[in-house]
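The structure appears below as structure tokens.
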There are 2 protein chains.
Amino acid sequence: MPALASGAEHQDPSIPVVAALAVMLLFAKLGGDLAVRVGQPPVLGELLVGVLLGNLTLLGFDALAGLRTDVFVDMFARVGVIILLFEVGLESTVAQMLKVGVTALLVACVGVVTPMALGYLVTRWLVPDASPWVALFVGATLTATSVGITARVLKDLEKSQTGEARVILGAAVIDDVLGLVILAVVTGLIAAADQGTHLAASAVALILVKAVGFLVGALVLGVWLSPRLFTLASRLRVRTVLLSVGLAFCFGLSWLAGVIGLAPIVGAFAAGLILEDVHYRDLRDREKHTLEELVQPISSFLVPIFFVLMGTRTDLTAFAAPGVLGFAAVLLVVAIAGKLVAGLGAVGKKLDTWAIGVGMVPRGEVGLIFAGIGHELTVQGERVVNDRLFSALVLMVIVTTMVTPPFLKLALARGAKPA
Amino acid sequence: MPALASGAEHQDPSIPVVAALAVMLLFAKLGGDLAVRVGQPPVLGELLVGVLLGNLTLLGFDALAGLRTDVFVDMFARVGVIILLFEVGLESTVAQMLKVGVTALLVACVGVVTPMALGYLVTRWLVPDASPWVALFVGATLTATSVGITARVLKDLEKSQTGEARVILGAAVIDDVLGLVILAVVTGLIAAADQGTHLAASAVALILVKAVGFLVGALVLGVWLSPRLFTLASRLRVRTVLLSVGLAFCFGLSWLAGVIGLAPIVGAFAAGLILEDVHYRDLRDREKHTLEELVQPISSFLVPIFFVLMGTRTDLTAFAAPGVLGFAAVLLVVAIAGKLVAGLGAVGKKLDTWAIGVGMVPRGEVGLIFAGIGHELTVQGERVVNDRLFSALVLMVIVTTMVTPPFLKLALARGAKPA
């Protein structure tokens with residue numbers, strides 16, 4: 001009865017999606033368990049289990065080949081990382097973040113300038129026949145910190161509320177803004193070069209104004225709006241108002257950040273910073289839970305989906321292309337060194353500069369996005385980031401992501417010892 | 001800088017989705033509040049708010065026009081209704097369901113045969129020039145109960161664990177199986193008629209065997225497997241194992257149901273029935289929460305998305321087509337009467353037959369799916385369900401869905417009075 005069969009498939013696209021979610025949730029826990037048994041944070045296990053699931057095709061097992069590219073799983077993962085940053089934001093307040101603001105700004109700036117300069121130099125040195133634009137773009141790819149991994153490791157180790165964690169998270173948010181500006185400028189410069197024209201300084205200024213405007217605006221307006229929003233919400237005579245309004249606030253700011261051109265996770269983090277217990281005391285008393293407690297199960301559901309999916313996207317065959325491993329190794333050294341140096345931005349603040357530097361290392365999805373854009377850009381008919389360069393950048397992103405959990409754990413454990 | 005703009009849009013498809021989620025969550029709570037203020041269950045408010053959001057285009061406001069058809073919002077809604085049925089299933093056990101099994105089977109059969117026969121007759125009577133196949137298909141569309149609405153109303157009123165609730169939910173699951181078989185048979189008959197051939201009885205038998213096999217197999221195997229699965233899971237040294245494994249079990253059975261050709265929600269409900277506190281006592285003690293408590297915030301997040309989305313799909317302009325309202329009114333009477341009669345299947349069991357009948361009334365998404373398939377089927381070049389018939393069926397589905405919450409509340413309140 002093909003009519004029914006096709007009808008049945010047509011009528012419920014959720015069937016393959018729930019299968020994927022079930023497999024990812026189970027394997028996430030298995031991977032997490034193995035990681036914990038060898039003394040690593042669970043997130044490393046989730047990433048590695050993802051690598052395994054994503055590369056089973058190499059062993060001839062194709063049933064999970066679609067996982068990597070499924071748009072619905074991707075969307076659950078995206079909402080998952082938004083929830084994660086919201087959750088991490090909830091653990092801090094705006095006041096606490098402002099206290100580390102200058103330090104975070106310093107760390108972010110050093111952590112953007114150093115890897116960008118180093119990336120430019122090594123590309124000029126190792127790929128001498130490539131145009132300066134290519135080197136510039138590779139440098140830009142090395143700038144933005146992916147806060148997802150670090151946020152998760154800090155949560156796994158229950159260190160989200162330390163001074164180091166606040167500097168890292170604040171710097172990562174500033175990084176994201178700086179990265180955006182750099183990406184916009186470099187992309188604009190390359191597009192102009194491709195057409196033989198120049199980039200208007202006003203366009204660069206506009207991006208900067210929008211980005212800074214969002215952060216300042218969101219924080220100032222949010223702090224004013226949030227208690228009022230929850231006072232209104234507490235008049236609603238339905239259950240689970242706190243969670244719904246909290247999530248709506250998080251999603252609303254994520255959307256706003258996205259519309260401005262920032263990563264939605266920046267908005268989610270800002271939303272978490274803004275919301276404080278005192279804003280919703282009535283609702284908390286009525287519903288017997290804090291927002292953190294209510295968000296936690298949603299996070300347990302969706303966050304591992306993000307990390308397993310990131311793992312599946314690691315194409316192990318990319319390692320095999322000639323020259324990729326060598327250039328990737330150099331990029332990796334530069335990428336790591338550039339961010340470790342960033343920790344020096346916190347010198348003299350009684351903070352562990354080493355832990356801060358390590359926390360800034362992962363490039364994760366932001367790096368992948370940069371590499372992807374470079375792969376689509378052309379100058380005089382040639383890709384700015386060609387296939388081999390792309391593989392090397394992906395490899396760099398993967399390794400910075402993979403090495404961060406164990407090293408960050410080590411760095412924080414060292415710092416925790418009685419000095 | 002169009003390169004960045006397009007890059008930014010390209011890189012994050014979550015931006016419009018989080019906006020939709022934020023709007024839907026906020027309006028769901030507002031609608032729920034208004035419903036509660038006039039003494040109705042919150043779900044009615046969520047549906048009506050959805051109708052409002054989905055029809056704002058009529059007032060010239062187009063910003064939310066995409067909500068109705070967004071595939072990602074649709075997927076969140078689908079997972080939402082799966083979570084809802086899982087949650088409802090968790091509140092009962094297999095043993096409790098078996099106790100009402102015979103009654104539920106009786107209720108389901110009466111509730112399938114009566115509306116089907118009545119639907120056939122009124123279509124033959126009111127649309128005399130239509131072929132008998134059309135009448136048969138309209139009859140089939142009236143059979144399947146949509147358990148989502150009823151499950152939600154029962155939860156809102158904290159009545160999920162009454163005998164009536166179990167009969168309704170059990171009957172709705174059996175209904176779904178019967179509806180599937182009928183849909184398969186009718187579709188097969190029509191396809192055969194279109195080609196001038198006959199339908200093989202073996203094909204019908206196969207569908208029946210698969211459906212019954214799934215239910216019996218899932219329950220028997222699940223009851224055996226579940227404690228063993230959780231004993232294994234309790235050895236994992238990571239946090240939130242209970243929720244992850246529970247969700248994986250729910251999604252796994254939903255997938256299995258879908259693969260067999262049943263609605264995934266049938267699998268989710270079965271998963272909920274199977275899982276019992278005693279199966280995961282170790283994990284519950286370690287994680288300090290029951291599975292119900294952990295699933296609840298996920299349900300608060302995703303379930304309102306489902307009901308608001310169902311509301312947005314109500315196209316108010318469909319009411320305007322000539323003849324639609326009249327035929328829809330007759331179908332509605334038949335649809336409601338046919339299911340109220342089903343309550344008589346529980347006569348002599350000390351159960352409230354009126355409440356059971358009302359609980360079976362909503363057709364919801366299952367009815368819409370049937371109507372949609374009929375809209376795509378043709379016999380001798382003509383649609384089995386033409387545009388006007390389709391609008392009438394959609395209207396019937398909407399109204400049965402809308403009237404159930406208030407009437408079910410009334411019926412249950414009446415039954416709760418000291419007799």
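The values are calculated or read from the model by the stated rules, or taken from the named source; none is laboratory data. Fair warning: this is a prediction, and the values are worked out from it, not measured in the lab. Cβ coordinates were reconstructed from backbone atoms using ideal geometry, including for glycine residues, and neighbour counts include every protein chain displayed.
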Open item on the list: Among the residues in segment B:273-283, are any under 30 Å from B:Thr123 (Cα atoms) and surrounded by fewer than 23 Cβ atoms within 10 Å (Cβ to Cβ)?
Closed with: no
- [ ] Tell me which of these A:Arg281 doesn't satisfy, since it passes every other one: (1) away from chain B (no Cβ under 14 Å); (2) closer than 10 Å to A:Leu90 by Cα.
- [x] (2)
- [ ] For segment A:121-130, state whether one or more residues are buried (at least 20 other Cβ atoms within 10 Å of the Cβ), within 14 Å of another protein chain (Cβ to nearest Cβ) and not aliphatic (A, V, I, L, M).
- [x] no
Open item on the list: Being surrounded by 22 or more Cβ atoms within 10 Å (Cβ to Cβ) and modelled with pLDDT of 80 or more narrows it down to one residue among A:Leu389, A:Leu344; which is it?
Closed with: A:Leu389
Task: Flag if A:Leu58 is touching a residue at least 60 places away in the same chain (Cβ under 8 Å), more than 14 Å from chain B (Cβ to nearest Cβ), more than 23 Å from the chain's Cα centre (by Cα) and in a helix (DSSP H, G or I) - done: yes
TODO: Considering every residue within segment B:203-210, establish whether at least one is at the interface with another protein chain (Cβ under 8 Å from one of its Cβ atoms) and over 24 Å from the mean Cα position of the chain (by Cα).
DONE: yes
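The rows are residues; the columns are (1) surrounded by fewer than 23 Cβ atoms within 10 Å (Cβ to Cβ); (2) touching a residue at least 12 places away in the same chain (Cβ under 8 Å); (3) aliphatic (A, V, I, L, M); (4) more than 14 Å from chain A (Cβ to nearest Cβ).
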residue: B:Gly311; (1), (2), (3), (4): no, yes, no, yes
residue: B:Val324; (1), (2), (3), (4): yes, yes, yes, yes
residue: B:Lys339; (1), (2), (3), (4): no, yes, no, yes
residue: B:Thr353; (1), (2), (3), (4): yes, no, no, yes
residue: B:Ile356; (1), (2), (3), (4): no, yes, yes, yes
residue: B:Phe370; (1), (2), (3), (4): no, yes, no, no
residue: B:Met396; (1), (2), (3), (4): no, yes, yes, yes
Open item on the list: So if I check each of A:Leu53, A:Leu25, A:Leu84, which one is buried (at least 19 other Cβ atoms within 10 Å of the Cβ), under 23 Å from the mean Cα position of the chain (by Cα), more than 30 Å from A:Leu178 (Cβ to Cβ) and more than 9 Å from chain B (Cβ to nearest Cβ)?
Closed with: A:Leu53
Task: Given (1) closer than 30 Å to A:Asn55 by Cα; (2) over 18 Å from the mean Cα position of the chain (by Cα), number of the condition A:Asp277 does not satisfy - done: (1)
Open item on the list: Exactly one condition in (1) more than 14 Å from every other protein chain (Cβ to nearest Cβ); (2) surrounded by 24 or more Cβ atoms within 10 Å (Cβ to Cβ); (3) of a type outside the set (Val, Ile, Thr); (4) more than 23 Å from A:Phe251 (Cβ to Cβ) is false for A:Pro42; which is it?
Closed with: (1)
Task: Members of segment A:144-165 found to be more than 22 Å from A:Ala335 (Cα to Cα) and charged (D, E, K, R), listed by number - done: A:Lys155, A:Asp156, A:Glu158, A:Lys159
Open item on the list: Residues that are more than 22 Å from the chain's Cα centre (by Cα), more than 15 Å from B:Gly139 (Cα to Cα) and among the aliphatic types (A, V, I, L, M): does segment B:348-359 have at least one?
Closed with: yes
- [ ] Mind listing whichever residues of segment A:372-394 are part of a helix (DSSP H, G or I) and touching a residue at least 40 places away in the same chain (Cβ under 8 Å)?
- [x] A:Ile373, A:Gly374, A:Asp387, A:Arg388, A:Leu389, A:Ser391, A:Ala392, A:Leu393, A:Val394
Open item on the list: Given the condition closer than 30 Å to A:Phe251 by Cβ and either part of a helix (DSSP H, G or I) or without any contact (Cβ under 8 Å) to a residue 12 or more places away in the chain (or both), answer yes or no: does some residue in segment A:122-140 qualify?
Closed with: yes
TODO: Those residues that are buried (at least 24 other Cβ atoms within 10 Å of the Cβ), more than 16 Å from the chain's Cα centre (by Cα) and either more than 10 Å from every other protein chain (Cβ to nearest Cβ) or over 21 Å from B:Phe27 (Cβ atoms) (or both), I need them from segment A:242-270; list them, please.
DONE: none
- [ ] Would you check if B:Asp70 is among the charged types (D, E, K, R), touching a helix residue (DSSP H, G or I) at 6+ places or on another chain (Cβ under 8 Å) and more than 7 Å from chain A (Cβ to nearest Cβ)?
- [x] yes
- [ ] Hey, can you tell me all the residues within segment B:230-241 that are crowded, with 19+ Cβ neighbours inside 10 Å and either at the interface with another protein chain (Cβ under 9 Å from one of its Cβ atoms) or under 30 Å from B:Leu180 (Cβ atoms) (or both)?
- [x] B:Ala233, B:Leu236, B:Val238, B:Thr240, B:Val241
Open item on the list: I'm told B:Leu106 meets every condition in (1) closer than 21 Å to B:Leu340 by Cβ; (2) under 23 Å from the mean Cα position of the chain (by Cα); (3) buried (at least 23 other Cβ atoms within 10 Å of the Cβ) except one. Can you identify the failing condition by its number?
Closed with: (3)
Task: Residue in segment A:94-103 that is part of a helix (DSSP H, G or I), crowded, with 21+ Cβ neighbours inside 10 Å and within 14 Å of chain B (Cβ to nearest Cβ) present - done: no
